[in-house]
Every structure is written in C-alpha cells, then in structure tokens.
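Notes for the one structure printed next.
What follows is calculated from the coordinates using simple rules that are stated; it is not laboratory data. Note that the structure is predicted; figures quoted are calculated from it, not measured. Counting neighbours? That spans all protein chains shown, and the Cβs are built from the backbone with ideal geometry, glycine included.
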Amino acid sequence: MSGRTPARACPERTCVGCRERAAKSDLLRIVAIEGACVPDPSGTLPGRGAYVHPALVCLDLAVRRRAFPRAFRAQGPLDTEALRRAVETVAEQATP
C-alpha cells in the first residue's frame, strides 16, 4: 500500500457571514452579476465567488458586516434580494 487514504479530502470554504469554515458542499456560492448578489448552487457561473451558509442568520450577518462588497471587491452596496429569496426557499425546504 502507498499509505494514502482511500477517501479524498473535502474542499473547505469560509462563510462570509459567520466566518466559520465548512465543507464546500454545505455552503451556497454567491456571484456578483451587474450589481446584485446571485446564488450559484451549481457553482458554474463565471466570476469571483463568495460562500455563505444557506441560513438567514449568516446572510443577515454578511449584509450587516458588508461582507459581499468586500468579498467581490465591488464599489458600493450590492442588491441581496434575490439571494434572500433563495436562502428563504432553502430554509423552508430544510424545515419539515
């Protein structure tokens, strides 16, 4: 045997809201398109991405801390309404 473990390492990312590290698959990727934060669940949209837990608590923290403009290196505030609707939808599906 080569000493390698059969399981592959899972990539980790940091949530821009709570600043906790989590598996990439547990976080929602966000991309800035034309001044708005757009969710990218498939992770295929072009451009710089930021990650947030799909929970309203983390989203509110990120908005309050102005984390999205800083993560995207954007000037001025970004619209987060589409992102909020997407996170609310995910939260509703998660709770029975």
### the chain: relative contact order in percent, alpha carbon pairs under 8 Å with at least 6 residues between
27 percent
### Task
Beyond 11 Å, what share of the Cα-Cα pairs of region 17-57 is found? Please give it as a whole percent.
63 percent
### Task
Rounded to whole Hz and in sequence order, give me ³J(HN,Hα) for region 75-90 from the Karplus expression 6.51 cos²θ - 1.76 cosθ + 1.60, θ = phi - 60°, writing x for Gly and Pro.
8, x, x, 10, 6, 10, 5, 4, 5, 4, 4, 5, 5, 4, 5, 5
#### Entry: Dipole of region 12-94, positive direction: furthest Cα of Ala74, Ala23, Pro54, with charges on the beta-carbon
Ala74
### Query
For Arg66 and Arg21 in one chain, what is 0.36 nm times their gap in residues minus the Cα-Cα distance, to one decimal in nm?
14.3 nm
### Summary
Cα-based Rg and Dmax for the chain, in Å, come out at 14.9, 55
